[in-house]
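Right, one structure below, let's go through it.
The values are calculated or read from the model by the stated rules, or taken from the named source; none is laboratory data. The structure presented is a predicted model; accordingly, all values stated were derived computationally and were not measured. Here the Cβ positions follow ideal geometry from the backbone for every residue, glycine too, while neighbour counts run over all protein chains shown. The area values use the complete protein model at the heavy-atom level, side chains included, leaving out ligands, DNA and RNA. Shrake-Rupley method; radii C 1.70, N 1.55, O 1.52, S 1.80 Å.
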Amino acid sequence: MKMVTRANLTTWLITMIAMGFIEVDTVAAATYMVGDGLGWTVPSNVSYYQSWAASKTFMVGDKLSFNWTGTHNVAEVSKAEYDNCTQVVSVLGSPVEIQLLKGGSNYYICTVDSHCNLGQKLSITVGSTTAAPTSPSNSASSTAFDSSVLVLAFITIACLNLLCHNTRH
């Protein structure tokens, strides 16, 4: 049986403390069903999709899922094409899942007939996954992170003391 030495225990302690400082992004990407129950269709209210998007927080890595029945499509367009409901060639058929790869504004329209002019268009703002150091959510996770490192260090030191004490006898 290999004897536990102080050098082995010290190496283990340093490794455990170092692992506590490795930041792991535990936030999973979300998938949003565009329009929720309505889906992607001509809405009865031209501001429906803007109201829908206003209640969401989109982040890089999230996905938009466009689903519809009937004659519709979706095209990712520029702001000018969005504002003018410009007919574009690059369209996708249902179902469509689009991953949000960069922060900033994103624009989507249906290019069938006058669907865009009738409100079948979506404008969203995508935030980056990096939060500012002074944000409340970052402060809370920082406190939890610091506590977990302290707990890990305390348990490790207690185990080291017990093991070192037992190896001397």
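With the simple spin-label model, which puts each label point 7 Å out from Cα in the Cβ direction, the residue 78 to residue 117 separation comes to 2.2 nm. Note on surface exposure: 57, 69, 111, 41 rank 69, 57, 41, 111 by accessible area, highest first, 1.4 Å probe. Residue 97 contributes an accessible area of around 110 Å² to the protein surface, as traced by a 1.4 Å probe with all chains present.
Accessible-area rank, largest first, for 49, 107: 107, 49, with all protein chains present and a 1.4 angstrom probe. Ignoring ligands, DNA and RNA, what percent of the 1.4 Å accessible area of the range 31-127 is carbon and sulfur? Looking at the range 31-127 in its full context, I get 52 percent from C and S. Gyration tensor over the Cα atoms of the range 30-122: the corresponding equivalent ellipsoid has semi-axes (square roots of 5 times the eigenvalues, largest first) of 18, 15, 13 Å. Please give the net charge around residue 86, taking every other residue with its beta carbon less than 13 angstrom from that of residue 86, where Lys and Arg add +1 and Asp and Glu add -1. Result for the local shell: -1. Among residues other than residue 98 with Cβ under 10 Å from its Cβ, the summed charge is -2 (Lys and Arg +1, Asp and Glu -1). Measuring r between the beta carbons of residue 56 and residue 86 and using R0 = 35 Å, the FRET efficiency lands at 0.90.
Report the antiparallel proportion of the DSSP beta bridges in the range 31-127 as a percent, rounded to a multiple of 5. Percentage antiparallel, nearest 5: 75. Per residue, the accessible area of the range 31-127 comes to 50 Å², computed with a 1.4 Å probe over protein heavy atoms only. Across 33, 59, the residue with the most accessible area heads the list, and the full order at a 1.4 Å probe is 33, 59.
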